[in-house]
Amino acid sequence: MLRGLLKLPQVRGGVHPVGHKDRSAALHILELPLPERLYLPLRQHAGADAIPVVKVGDKVLKGQMVAVAPSEISAPVHASSSGRVVDIAEIMAPHPSGLKSTAIIIDTDGEDRWIDTGVSGDPYDEEPLTLANRVANAGIVGMGGAIFPAAVKLKQGTRHEIKTVLVNGSECEPFLTCDDRLMREKAEEIVEGARLIRHILRAYKAVIAIEDNKPEAIAAMRAAAEPYGMVEVEAVPSMYPMGSAKQLIQEITGREVPAGARSTSVGVLVHNVGTVYAIHQALTYGRPLVSRIVTVAGGAINRPRNVNALVGTPVQHLIDACGGLNGDPAKLILGGPMMGVPLLSTQVPTIKGATGVLALAKHEVPRSEASPCIRCASCVEACPMGLLPLEMAARSRADDFEGADDYGLRDCILCGSCAYVCPSHIPLVQYFQYAKGEQDAKRTATKKMDYTVELSLAKQARIDAEKAAKAAEKAAKKAAKKKPVTATKPAETDEIKSPSEEESV
Amino acid sequence: MSDATVFSSPFAHTGNSVTYVMLQVCFALVPCTLFGLYLFGWPAIFLFVVTCAAAVFTELLCLYWLKQPWYRVLDGSALLTGWLIAITLPPWAPWWIGVVGAFFGVAVGKQLYGGIGQNIFNPAMLARTALLITFPVQLTSWVAPAPLGSELAPTLLQSLSITFASAPAPDALTGATALGHLKTALTLDHSASDVLANDFVWWKALLGMSAGSMGETSEVLVLLGAVFLMWRRIIRWEIPVSMLATLAVFSLIFQVADGENYAGVLFHLTSGGVLLGAFFIATDPITSPISRLAKLIFGAGCGLLVFVIRNWGGFPEAVAFSVLFMNSLTPLIDRYCRPRVYGRLPGGKPLPPLSSVDLAREVKRR
């Protein structure tokens with residue numbers, strides 16, 4: 001109430017791209033016909049690739065785990081329909097590089113038969129850790145596009161004092177309406193999911209934050225949250241990037257997440273509405289994450305719409321269900337236009353983090369030729385993190401990565417607001433991605449170097465210790481001639497290990 | 001990193017461009033320019049056209065020398081430079097003043113530094129200052145307004161000879177600007193208040209019916225353009241407001257303390273090119289600082305310098321010198337005035353993870 005009266009501008013910067021949301025938001029979520037073939041990439045999440053546990057020729061049921069998570073920060077993959085595994089092979093991954101990625105390929109049998117999930121009973125009776133493990137086994141990742149394993153967040157949360165479970169329904173990217181539609185149609189499930197997360201974390205309250213350009217979603221969620229205490233629905237101003245966790249936390253709680261820390265350090269845990277819905281499905285019915293709502297939109301799509309797509313469905317199948325393309329799209333994007341990745345082919349599969357498939361018409365794609373920076377500071381005004389994008393870009397361009405870091409590269413969330421407003425059309429995000437990549441590589445190299453130095457020092461120490469031990473033994477033998485003494489054992493030394501791969505996550 | 005070929009996100013854009021920005025600034029200059037052209041007649045029109053054309057031509061020449069694509073000239077920056085030089089010149093200056101100024105502004109002031117975005121100094125002001133020092137007589141020969149169609153206005157033929165043959169202006173029309181007049185009067189031991197009471201009518205100065213540069217005389221029309229620029233978010237309020245406020249505060253203090261020797265706020269704000277300078281010249285994005293605080297400091301510096309130079313300097317007009325001087329400080333100001341980063345303290349250290357309330361509770365719990 002008080003905040004409503006004062007209405008202080010909480011979040012800095014930001015931009016207001018044209019929404020293009022009307023057409024797809026108006027229609028119900030479409031259930032897709034079963035595709036003939038499903039391609040399940042083993043890497044659909046941040047962290048280590050999943051490891052297949054089925055063989056070619058195996059019969060699988062819908063919801064059956066076909067690849068397990070090898071480490072804590074990873075997620076298993078489940079068959080998204082019943083059928084037979086026909087191959088485990090490299091396919092083109094939904095990635096701008098067109099790199100290959102290993103996938104389990106399943107021919108569907110048309111029955112779409114669920115596996116017996118064996119889940120019954122009230123989840124509120126279970127221990128929080130049991131529930132968190134169930135979320136982990138369901139293969140749920142952050143479905144707003146960040147694809148961080150959801151269970152990792154929940155487990156971290158149990159170690160901190162969480163005051164607020166923040167359900168992110170702000171959906172600030174243009175074109176995307178999958179969360180909007182989900183909130184309108186599955187409001188009760190989402191509220192129930194939020195309550196379950198609150199239960200797992202023993203959090204004080206749950207807040208569902210929705211941008212004020214989605215009045216129907218707000219109304220539906222308010223109605224669903226009504227019966228429960230401590231589940232609030234808050235309208236936040238429409239602005240990009242309101243959907244970024246840091247900005248949303250600032251808007252709702254007025255606090256900033258300290259640089260380098262996680263949101264749990266300010267007592268908040270953020271989950272996207274899609275993730276919350278998936279968590280509800282997993283905890284109440286035992287259903288793993290096998291499908292998601294995807295917005296199919298853009299000027300080149302005949303009938304923009306939200307579809308419920310099985311994970312692994314080829315993108316072409318989604319586009320066909322929406323009336324196909326009217327002409328050649330100028331750009332095909334997985335995700336939203338602000339942070340999505342370009343797609344090279346429509347044959348790539350839908351993955352867990354795919355919020356949208358956009359086929360942009362020619363007039364919707366900006367021209368890409370860059371002119372020199374005129375230091376107009378539009379990017380500085382637009383940056384929600386308070387950085388100086390023009391300085392960062394100038395330094396990244398000159399390969400001065402320390403300089404770029406000094407001007408805030410580390411704090412950059414790659415939201416693209418700066419490039420969106422740049423009158424010179426400078427591909428700022430591209431510079432930052434490049435510089436961040438180089439910095440990461442350098443850090444890894446430094447780590448490796450340090451490790452090598454450590455190892456050689458250890459080796460030297462071991463040699464020295466052995467020498468000393470031998471000398472001691474000799475001395476002891478000499479001494480033994482006088483009176484017998486047991487020689488000291490040489491010092492234990494480390495085996496040579498390769499640096500663990502999860503460190504960079 | 002080489003200028004890359006891979007096209008990364010975002011795949012959306014406001015549609016703004018450098019050309020659009022420059023042309024909007026030119027558009028904002030239209031009212032005061034048209035008024036100036038009307039006020040000073042054909043010689044002013046000739047000079048304006050010649051200067052703008054010379055600037056664009058110089059840009060083309062430089063692009064040819066530098067082996068850059070010719071269409072870079074379409075970004076409009078050369079036109080704007082030429083335009084700004086033209087409207088800050090004495091309206092009846094001979095044609096070669098405009099040509100030399102435009103060449104100096106574009107070639108030396110901008111392209112020698114590496115083209116658009118690389119120059120340290122405002123090219124138009126650099127050119128004007130260079131002209132003032134090199135050709136002081138031509139740059140300080142002012143004429144009283146002789147609007148098109150009025151009795152005093154020169155005929156087309158006379159105008160041609162004024163601009164292109166350096167014919168002298170009729171004696172009846174020559175005169176000093178308000179600032180120049182005051183400066184001379186003060187050196188002759190007249191008191192500022194007397195001079196202003198006799199010769200200065202503030203509303204006339206505001207409307208622009210006075211001697212001065214081509215486009216700077218009408219404060220009202222300059223403000224009209226400024227409002228347009230702020231509405232289009234091409235300039236921000238920080239630099240002009242802090243510049244004008246600083247000038248106003250200092251002139252007020254000195255007028256109150258010593259009215260005999262110092263002119264007042266209204267005189268300073270409505271005379272000379274201070275408004276044009278505040279809204280169109282000091283706000284040049286390339287040569288002014290980035291962050292808001294830096295902009296405030298920059299503007300205040302400009303305002304203070306204008307006051308100092310006008311009162312104690314050798315020239316009656318001060319905007320060009322002040323802006324150039326502050327341009328040279330821009331990198332320094334930028335260095336020390338960065339915006340605070342999200343999640344960090346102003347110095348750059350991360351915020352403490354717990355708020356004071358949390359800390360208190362934590363302490364209590366233990």
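Values in this text are rule-based calculations from the coordinates and carry no lab data. For clarity, every value in this text was computed on a predicted model and none was experimentally measured. Cβ: placed from backbone, ideal geometry, glycine included. Neighbour counts: every protein chain shown.
Using only alpha carbon positions, build the gyration tensor of region B:245-353, then give the equivalent ellipsoid semi-axes as the square roots of 5 times its eigenvalues, largest first, whole angstrom.
33, 16, 11
Which one, A:PRO384, A:THR452, A:GLY416, is farthest towards the positive end of the dipole of region A:370-460 when Lys and Arg carry +1 and Asp and Glu -1 on their Cβ?
Comparing the listed Cα positions along the dipole, A:THR452 ranks first.
For chain A, list the cysteines whose Cβ sits under 4.7 Å from no other cysteine Cβ?
A:CYS172, A:CYS178, A:CYS322, A:CYS373, A:CYS376, A:CYS383, A:CYS412, A:CYS415, A:CYS422
Evaluate the charge dipole of chain A about its Cα centre and quote only its size in Debye, nearest 20, assuming +1 on the Cβ of each Lys and Arg and -1 on the Cβ of each Asp and Glu.
1860 debye
Per residue and in cubic angstrom, what volume does the convex hull of the Cα atoms of chain B have?
Per-residue hull volume (Cα only) is 188 Å³.
Write out the trypsin sites (Lys or Arg not before Pro) in region A:6-106 meeting two conditions: DSSP loop, and at most 14 other Cβ atoms within 10 Å of their Cβ.
Taking region A:6-106 and a limit of 14 other Cβ atoms within 10 Å, the loop trypsin sites (Lys or Arg not before Pro) found are A:LYS7, A:LYS55.
Mind pulling the angle between the C-alpha long axis of helix A:150-159 and the longest principal axis of chain A? Nearest 10 degrees, somewhere in 0 to 90.
60 degrees
How well do other chains shield peptide B:287-294, expressed as the mean number of their Cβ atoms within 10 Å of each residue Cβ?
Going residue by residue through B:287-294 and averaging, the value is 3.
Modelled label-to-label distance, A:ALA471 and B:ILE133, 7 Å Cα→beta-carbon offset: nm?
The two pseudo-label positions are separated by 7.5 nm.
How about region A:178-227: which trypsin sites (Lys or Arg not before Pro) there lie in a loop by DSSP and see at most 16 other Cβ atoms within 10 Å?
A:ARG202
Which residue, B:VAL50, B:VAL18, B:VAL306, tops the fluctuation ranking in a GNM of chain B built on C-alpha contacts under 10 Å?
Of B:VAL50, B:VAL18, B:VAL306, the Gaussian network model singles out B:VAL18 as fluctuating most.
Mind putting a number on the dipole of region A:370-460 about its Cα centre? Charges go on the C-beta only, +1 for Lys and Arg and -1 for Asp and Glu, and I need it in Debye to the nearest 20.
Roughly 220 debye, rounded to the nearest 20.
Work out the mean other chain Cβ neighbour count within 10 Å for the residues of A:384-394 and drop it here as an integer.
3
Using Cα atoms only, what is the angle between the long axis of helix A:428-482 and the major principal axis of chain A, expressed in degrees (0 to 90) to the nearest 10?
20 degrees
Going by Cα centres, region A:328-364 and region B:21-87 are how many Å apart?
Each part reduced to its Cα centre gives a spacing of 43 Å.
Return the Rg/Rh ratio of the protein assembly as shown with Cα-based radii and a Kirkwood Rh.
Rg divided by Rh gives 1.10.
For chain A, list log₁₀ I(q)/I(0) at each q in 0.06 Å⁻¹, using the Debye formula over Cα point scatterers of equal strength and ignoring solvent, two decimals each.
-0.33
Which of the lysines could a cross-linker span from A:LYS478 if the Cα-Cα distance has to be under 29 Å and same-chain partners fewer than 8 positions apart are dropped?
A:LYS459, A:LYS467, A:LYS470, A:LYS489
Taking chain A as the reference, fit the longest principal axis to its C-alpha atoms, fit the long axis of helix A:128-137 to the helix C-alpha atoms, and give the angle between the two in degrees, 0 to 90, nearest 10.
80 degrees
So, by mean Cβ neighbours within 10 angstrom, what's the order for B:118-124, B:183-189 with the highest one leading?
Averaged packing, sorted descending, gives the order B:118-124, B:183-189.
Got a sec? Charge dipole of region B:15-176, +1 on Cβ for Lys and Arg, -1 for Asp and Glu; which of B:ASN16, B:LEU47, B:ALA169 is way out at the positive end?
Checked the options; the winner is B:ASN16.
Give a quick list of trypsin sites (Lys or Arg not before Pro) in region A:379-475 that DSSP marks as loop, anything other than H, G, I, E or B, with at most 15 other Cβ atoms within 10 Å.
Sparse-neighbourhood loop trypsin sites (Lys or Arg not before Pro): none present.
Using the Cα centre as the reference, give the magnitude of the dipole from point charges on the C-beta atoms of region B:15-176 (Lys, Arg: +1; Asp, Glu: -1; all else neutral), rounded to the nearest 20 debye.
I would put it at about 400 debye.
Considering the options B:THR330, B:ILE281, B:ALA185, tell which one lies farthest towards the positive end of the dipole of chain B, charges being +1 on Lys and Arg and -1 on Asp and Glu at the Cβ, about the Cα centre.
With unit charges placed on the Cβ atoms, the residue in question is B:THR330.
Which whole-number percentage describes the relative contact order of chain A, with Cα contacts under 8 Å and a sequence gap of 6 or more?
16 percent
Shielding by partners for A:420-427, please: the mean number of other protein chain Cβ atoms within 10 Å of each residue's Cβ.
Mean partner shielding for this stretch: 6.
Is it possible to state the helix-based mean residue ellipticity at 222 nm for chain A, with each DSSP H run of 4+ residues giving -39500 (n - 2.57), the sum divided by total residues, to the nearest 500 deg cm²/dmol? What is it?
Taking each H run of at least 4 residues, the total per residue is -10500 deg cm²/dmol.
Please report the antiparallel percentage of DSSP beta bridges with both residues in chain A, rounded to the nearest 5.
Here the antiparallel bridges make up roughly 60 percent for chain A.
Restricting everything to alpha-carbon atoms, can you work out Rg to Rh for region A:370-460 with a Kirkwood hydrodynamic radius?
So for region A:370-460, dividing Rg by the Kirkwood Rh gives 1.17.
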